[in-house]
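Working notes for the structure below.
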Amino acid sequence: MHSKKVRIITVFAAFTCLLWIFGLGWTVKDYLIGAAHSAYSPPAADESAAQTNELKIIALGDSLTRGTGDIEGKGYVGYVTDQLKKEGLDVSLINLGIKGLTSERLAEQIKEKEIKRQIGQGDIILMTIGGNDLFLGGQTLTNITDDSISKLEEAYLSHLKAILADIRAVNTEATIYLLGLYDPFNEFPEGALTSKTVRGWNSKTMELLAEDSKAVFVPTYDLFQLNVNDYLFTDHFHPNEVGYRLMADRVAALITSGGGPR
Amino acid sequence: MINLVQNEMTKLLGKRRFIIISVIILVLLSMFTYAQARQAETIKERLGTVDWRTELQQKIVDWQNRLSSAGQWREQLQIQIEQSQYYLDHDINPSEPGAPTFIRGFVENSAELFLPLLIMIIAVDLVSSERSMGTIKLLLTRPVSRFHILLSKYIALILSVSLVIFIFGLLSYIISAFMFGNQGWAAPVLTGFKVEGGELNISEVRLVSQWQYIIQQFGLAWFISLVVGTLSFMLSILMRSSAAGMGTMLACLIAGAILSNMVSSWTSAKYLFMVNLGLMNYVSGTAPPIEGMTLGFSLAVLAAWMLGSLVVSFAVFMRKDIY
């Protein structure tokens, strides 16, 4: 190797060495000794959403929205989207569902800035909520009294009201589809009682939604009423893919016939 | 002295190790950039948008769904969620598309294992190869002290480490600028997240430019590589065979990667050098492997190991019988 070339490389390596020492020193100064806090003001966000023809679906809610129990993990939301795509619509989906979400936590989630922004851009809002409020992981089942149920119901309805108000505050146009509860326990000994409770719960939800002309209550109770075990996942709580498809058929039909493409 | 160092550099460059290293970096880089470009495409397809906010929000929701089944990763996940939420709330894109963001992620992920491995290629036979080839006798018959000979070798090592890091940076810049574009050097990066008792502390969060953040990262990567290089250097003096040295060092590095994930209850492990190699994590704000470790602590431990191995290296080399 040429000695001049080696010299150049050596000198260059020495320079890079200095550069890295400088970087290390800078890190030590910033992180160990402490850096001046620079005040930060966020840049003006461009709120202008790109205008496209696509149908924006925002899915909110609990494990049903997430798709727990579905082999393909799509849930009813995924099947609805699939069906709409098959109809030739240009659909985009944002699924914000979180397992185990209660109406209280959904009301909190919906207050987040970014969630609001996304809801504001949505054309269709799909929601499942309330199942975790009512069933509390199976606890409610063991001691149903009218008193305890009405307490849960009251809290749920007030949260739902807040959720709807928050959605309408950022988006007055979108159609909201709220899927009702079904009774996964109706073949249990206490089935008659839980069914009655779910029916009452659903009718109150429906009444609340009736105040908003663009909010649609989609019943699922009847879908699961007969042969409930055929439509439930092995956890005996969440729907399986057949159950999800039944739910999706109903929602997709509603979207294509009415509140869909405008 | 300068001549001695140059002599060592000539030998190192003559071995063509730098070319091998460059080729390794190039191959890996093209794989990573391709993978990342594909990933961006899939996300765009899934969400039907290129808006980073939508993407980040989706990630947060996905993480929240994983929380209930996360087990021991729960804490880590929670911190990740909070951090991302902070980015979102302040309207800062944590991964502004472009070459700088790619480099940032690449250095962060390679500093612990990949870069040290590259350095080992150079450092591990620095002395042992001279012994196995017999050239060490020629070197020692010169009218310079053994101390100076070893010192010149060590300086050559420091220079090579710096050069490798530079080659690494340069190549990743060229390739990622070609793939993702050159924009985003001034993009803001949030730093100063601290993890205390499993909670994210945001009281000292501040904003730096991405180029500044990258230079700091490279400084840390250089230090990590230098420590590993110094330890390999010591092994090349203690062990006759380069393969044995390489094996020992590899075992240590891999043990470090594994240990970092499972030592949280064995607190005295924090004095092992391999557990402390994750310097980047302090800067990006993820939980340290053992509660109570800080950047200053890790730097001190690594520096102590480096000094110790230097002392051993020189002491052994100056007393050793060479035959």
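Things worth noting here:
- Residues (among the acidic types (Asp, Glu) and either within 14 Å of chain A (Cβ to nearest Cβ) or surrounded by fewer than 18 Cβ atoms within 10 Å (Cβ to Cβ) (or both)) located in the stretch B:85-114: B:89, B:91, B:96, B:108
- For the stretch B:13-46, filtering for residues that are β-branched (Val, Ile, Thr) and either over 21 Å from the mean Cα position of the chain (by Cα) or within 14 Å of chain A (Cβ to nearest Cβ) (or both) leaves 4.
- Any chance residue B:229 is within 13 Å of the chain's Cα centre (by Cα), within 9 Å of chain A (Cβ to nearest Cβ) and either assigned to a helix (DSSP H, G or I) or at pLDDT below 90 (or both): no
- Of the helices (runs of 4 or more DSSP H) entirely within the stretch B:1-78, those holding at least 2 residues that are touching a residue at least 12 places away in the same chain (Cβ under 8 Å) and within 19 Å of residue B:166 (Cα to Cα) occupy B:2-14, B:17-47.
- Count of residues meeting criterion [within 14 Å of chain A (Cβ to nearest Cβ) and in contact (Cβ under 8 Å) with a residue 24 or more places away in the chain] in the stretch B:185-206: 12
- Residue B:292 being at positive phi, modelled with pLDDT under 85 and crowded, with 20+ Cβ neighbours inside 10 Å: no
- Options A:151, A:85: the member that is surrounded by fewer than 21 Cβ atoms within 10 Å (Cβ to Cβ) and within 13 Å of another protein chain (Cβ to nearest Cβ): A:85
- Taking the listed residues A:248, A:252, A:192, A:210, the one that is without any contact (Cβ under 8 Å) to a residue 24 or more places away in the chain and farther than 27 Å from residue A:158 by Cβ is A:192, with no other qualifying.
- Any hit, the stretch A:201-208, residues being at pLDDT below 90, farther than 22 Å from residue A:113 by Cα and of a type in the set (Gly, Ala, Ser): no
- Extreme residue, nearest to residue B:118 (Cα to Cα), among residues of the stretch B:155-169 that are crowded, with 24+ Cβ neighbours inside 10 Å and more than 9 Å from chain A (Cβ to nearest Cβ): B:164
- Any hit, the stretch B:249-262, residues being crowded, with 17+ Cβ neighbours inside 10 Å, hydrophobic (A, V, I, L, M, F, W, C) and more than 19 Å from the chain's Cα centre (by Cα): no
- Some residue of the stretch B:47-57 being under 30 Å from residue B:252 (Cβ atoms), of a type outside the set (Val, Ile, Thr) and either surrounded by 16 or more Cβ atoms within 10 Å (Cβ to Cβ) or within 9 Å of another protein chain (Cβ to nearest Cβ) (or both): no
- For residue B:27: the one exception among (1) closer than 30 Å to residue A:115 by Cα; (2) at pLDDT 85 or above; (3) not hydroxyl-bearing (Ser, Thr, Tyr): (1)
- Top-ranked residue of the stretch A:211-262 - restricted to ones that are over 21 Å from residue A:89 (Cβ atoms), acidic (Asp, Glu) and assigned to a helix (DSSP H, G or I), ranked as modelled with the highest pLDDT: A:241
- Hey, residue B:78 surrounded by 13 or more Cβ atoms within 10 Å (Cβ to Cβ) and within 11 Å of chain A (Cβ to nearest Cβ) or not: no
- Residue count for the stretch A:203-222, restricted to those that are over 15 Å from residue A:255 (Cα atoms) and among the aromatic types (Phe, Trp, Tyr): 1
- Scanning the stretch B:305-323 for residues that are aliphatic (A, V, I, L, M) and surrounded by 13 or more Cβ atoms within 10 Å (Cβ to Cβ) returns B:306, B:310, B:312, B:316.
Condition check ((1) over 28 Å from residue B:81 (Cβ atoms); (2) without any contact (Cβ under 8 Å) to a residue 12 or more places away in the chain) across all residues:
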{"position": "B:162", "(1), (2)": "yes, no"}
{"position": "B:172", "(1), (2)": "yes, no"}
{"position": "B:215", "(1), (2)": "yes, yes"}
{"position": "B:249", "(1), (2)": "yes, no"}
{"position": "B:258", "(1), (2)": "no, yes"}
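- The residues of the stretch A:186-220 that are over 24 Å from the mean Cα position of the chain (by Cα) and buried (at least 22 other Cβ atoms within 10 Å of the Cβ) amount to a single one, A:197.
- Residues of the stretch B:180-204 that turn out to be surrounded by 19 or more Cβ atoms within 10 Å (Cβ to Cβ) and in contact with a Ser or Thr (Cβ under 8 Å, 6 or more places away or on another chain), as a count: 8
The values are calculated or read from the model by the stated rules, or taken from the named source; none is laboratory data. Just so it is clear, the model here is predicted, and its values are computed rather than measured. Neighbour counts run over all protein chains shown; Cβ positions are idealised from the backbone, glycine included.
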